[in-house]
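Shown next, in structure tokens, is the structure this report addresses.
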């Protein structure tokens, strides 16, 4: 079963700069496009590999035959182009909210970036961000995806690497965090231990993990599975359909998804007539679909709760099959049984939610009465042996 990232155990947050904490996309793209034109390289090919990596690493990938001095000169030219372009560099959406939340929660934080010191300080200043600890490419021997920068940040903060949370928006950065042994939050739709829509969402989850129990006031969304979202086009909603709507639910601010019953069932009572509490009904996608939904929800910091039906079962449930086989079966007292009325009818006037008497005749343990229901109420009491079962 997928495991949730325990945000309550986080002792420090380590943030990437460009694209994560600072919105510098336009400036970065302009600089690389100009550089690519100067060096006779397709700008699209450059931008496809440049994000998240040190400039020198990108140059080496583009020109593997260059010597160290030529690589250094090309990287310096790229940096120079970025030094000159800070006009539209701003804090990323939710950045100041997240940093204020970290300060309020007394969570130390640091910035770990592939930029050099001069560029990093200029961009952070433009965004109005002053990190207590800043690690740049000047401070390490190898940049991302090497974990050195994140490990050094943890050392400076005096926090164990496993207790640090990395926040990244690039594959090299996420790889660096994983190699450092740190759980990672992924932005921009990438795959991390948590995959979130933005920094504001992370601020919300961190605060909730520390300030109050989630169940007191979490925002929940109830999903009636048969009609919520159909992933196969057969007209019947399923668990994969819910997975496909999680981004929408996250944007609504939903923190808990509450599922209607998904257990194996003959579906005579909207799934509340459970035939097997340990199996997911195939019509909803089976166990694999449930595992997939849990994994996708947990990556977004969302919880999933299910509607556990224990006060009644289907007449196909193994408990009831056994109970109806004999008056002395051990499962007999899981259900309410009564002898029929003297005229052979129901033992009392209880009515079913679906209409008619709330009793069903037991053909296997006569005498019998009649009923229209197929959902059998359970009990832990031991009523007198009888041949009628109560159905809710």
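Couple of notes before you dig in:
- Single condition residue 201 does not satisfy, out of (1) in contact (Cβ under 8 Å) with a residue 40 or more places away in the chain; (2) surrounded by 19 or more Cβ atoms within 10 Å (Cβ to Cβ); (3) closer than 28 Å to residue 94 by Cβ; (4) over 15 Å from the mean Cα position of the chain (by Cα): (4)
- Among the residues of segment 160-198, those identified as under 16 Å from residue 22 (Cα atoms) and surrounded by fewer than 21 Cβ atoms within 10 Å (Cβ to Cβ) are 188, 197, 198.
- Residues considered: 247, 311. Of these, the only one that is within 24 Å of residue 352 (Cβ to Cβ), exposed (fewer than 15 other Cβ atoms within 10 Å of the Cβ) and not assigned by the TED database to the domain that holds residue 205 is 311.
- Scanning segment 17-30 for residues that are touching a residue at least 60 places away in the same chain (Cβ under 8 Å) and in a helix (DSSP H, G or I), we see that the one that is farthest from residue 75 (Cα to Cα) is 26.
- Among the residues of segment 283-299, not a single one is within 14 Å of the chain's Cα centre (by Cα), in a loop (DSSP other than H, G, I, E, B) and outside the structural domain of residue 186 (by the TED database).
- Of residues in segment 206-238 being under 17 Å from residue 248 (Cα atoms) and assigned to a helix (DSSP H, G or I), the one farthest from the chain's Cα centre (by Cα): 227
- Total residues in segment 1-16, condition assigned to a helix (DSSP H, G or I) and exposed (fewer than 14 other Cβ atoms within 10 Å of the Cβ): 2
- Taken over segment 265-303, the criterion of being within 22 Å of residue 185 (Cβ to Cβ) and surrounded by 17 or more Cβ atoms within 10 Å (Cβ to Cβ) is satisfied by 293, 294, 296, 297, 298, 299, 300, 301, 302, 303.
- Note on segment 133-175: residues that are touching a strand residue (DSSP E or B) at 6+ places or on another chain (Cβ under 7 Å) and not in a helix (DSSP H, G or I) total 9.
- Residue check, residue 143 closer than 15 Å to residue 54 by Cα and either at pLDDT below 95 or surrounded by fewer than 18 Cβ atoms within 10 Å (Cβ to Cβ) (or both): yes
- So residue 231, is it farther than 26 Å from residue 102 by Cβ and surrounded by fewer than 20 Cβ atoms within 10 Å (Cβ to Cβ): yes
The values are calculated or read from the model by the stated rules, or taken from the named source; none is laboratory data. If you're wondering where the values come from, they're calculated on a predicted model, not measured in any experiment. Counting neighbours? That spans all protein chains shown, and the Cβs are built from the backbone with ideal geometry, glycine included.
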